[in-house]
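The values are calculated or read from the model by the stated rules, or taken from the named source; none is laboratory data. As the structure is a prediction and not an experimental result, all values here were calculated from the model. Every residue, glycine as well, gets a Cβ built from its backbone with ideal geometry; the counts of neighbours run over all protein chains shown. With ligands, DNA and RNA removed, areas are computed over all heavy atoms of the protein, side chains included. Shrake-Rupley method; radii C 1.70, N 1.55, O 1.52, S 1.80 Å.
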Amino acid sequence: MLNWFVYIIYSKRIDRYYTGYTKDILLRVQRHNEGWGNYSSKGIPWELKYFETFTTKSAAINREREIKNKKSRKYIEKLIEGGRPD
């Protein structure tokens with residue numbers, strides 16, 4: 001069974017969260033920390049704070065969009081804390 005992940009990483013350097021989806025979470029976080037992409041390079045080092053697992057790519061993409069559409073740091077921090085976001 002193939003797994004897809006939605007992940008949230010945090011950069012203390014720029015005090016920002018980043019949400020994405022991937023099939024290989026460890027490799028993806030490593031790439032963020034290697035500076036792949038304009039946004040990622042500004043925030044090195046990135047720390048994995050949260051992830052969810054999905055069986056399909058489409059489910060992961062939909063969840064990533066749902067989190068990003070909230071446009072809410074408070075929502076993300078509730079997820080990370082294990083609380084129930086509104």
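Can residue 42 be described as at pLDDT 95 or above and out of contact with any helix residue (DSSP H, G or I) (no Cβ under 9 Å at 6 or more places or on another chain)? The answer is no for residue 42. The criterion of at least 2 residues that are over 15 Å from the mean Cα position of the chain (by Cα) is met, among helices (runs of 4 or more DSSP H) falling completely within the chain, by 38-42. On inspection, residue 47 qualifies as modelled with pLDDT of 95 or more, in contact with a strand residue (DSSP E or B) (Cβ under 6 Å, 6 or more places away or on another chain) and open to solvent by 90 Å² or more (accessible area, probe 1.4 Å).
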